[in-house]
Amino acid sequence: MNEVVNPKDEEKNGNVQALIKAVNILNLLGKNSEGMSLGEIAQQIDLPRSTVQRLVNTLESVQYIRVEGERGISLGSALLRLISSSHSELISITRTWLRHIKDDTNETVVLSINSRSQLLIINRLISDRELQVTPRLGANIPLYGSAAGLALLSLESDEQIIEILKSETVQDYSSEYPKPNILALLEKIHLIQDKGFAISDDISLEGIMTIAIAIKSIVGNFAISLPVPTVRFQKNCDQYSEQLLQYKQRIEMELGLDKKTTY
């Protein structure tokens, strides 16, 4: 006996599949803040180009993505506002500190948190310099792939770090962010714990180096980082580290945390 298929069930299943595909596109764009082409998206999520084009058009119509040029598909303003509003308390608490750090360093200042094993940028104040760095809100990269992410990992125990990394999937790795060697990563994080800050080349932004601190707070852990053009960073690295460590101590004191917190 043939089973009767309810058209409403078919429509519901189709909508769910379309939603999953759209979410996959948004996740992919979050990991590629420099933007992607239609062909790159189709190849990486294994969908026909026509399907991707239809989903991109829909997401663009509600400003969840924006399209600028041949390789300019990226997260849009509506989604970025949604990301920011969901962390409004932390953004509000840190706004004054970010402004002070920006004024003192004259560099772009970025506020990030961890989302699962990914780094999520939720706020930034852009430098007034002619040569400046402008990270995109919502950009997702592995925690081990940036100074801010490494600083956040340094707030955790070795066991917690291993658990966080276990949540990575094969899809999370790429040629830019290959699966890390756990022992080497832990050794690097132990050095960051000793120094109180992390420094790394920003793989997602060519010609940029980043220094970051991380804070344990009552509203969750967060990182504050300075992405700086490499030439300027090399001249001022000691100054940036000294300034950020001073702010780390002051922020922890204001939020009621012991500045001598051990990890």
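Rule-based calculations on the coordinates, nothing more; no lab input. For clarity, every value in this text was computed on a predicted model and none was experimentally measured. Heads up, the Cβs are rebuilt from the backbone with ideal geometry, glycines too, and the neighbour counts pull from every protein chain shown.
Placing unit charges on C-beta atoms (Lys and Arg positive, Asp and Glu negative, everything else neutral), compute the dipole magnitude of the range 81-255 about its Cα centre in debye, rounded to 20. Please list the in-between numbers first.
On the way: 17 positive and 22 negative charges, 87 e Å.
Charge dipole of the range 81-255: 420 debye, to the nearest 20.
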Practice item. Find out how many positive minus negative residues lie around residue 46, taking Lys and Arg as positive, Asp and Glu as negative, among other residues whose Cβ is under 13 Å from that of residue 46. Key: +1
Revision key, fill the gap. In terms of the charge dipole of the range 17-75, which places +1 on Lys and Arg and -1 on Asp and Glu at the beta carbon, the residue among 52, 18, 72 farthest towards the positive end is 18
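If Lys and Arg each add +1 and Asp and Glu each add -1, what is the summed charge of the other residues whose beta carbon sits under 10 Å from the beta carbon of residue 124? Write down the numbers at each step before the final one.
Working: positive: 102, 136; negative: none.
Counting the neighbours of residue 124, the net charge comes to +2.
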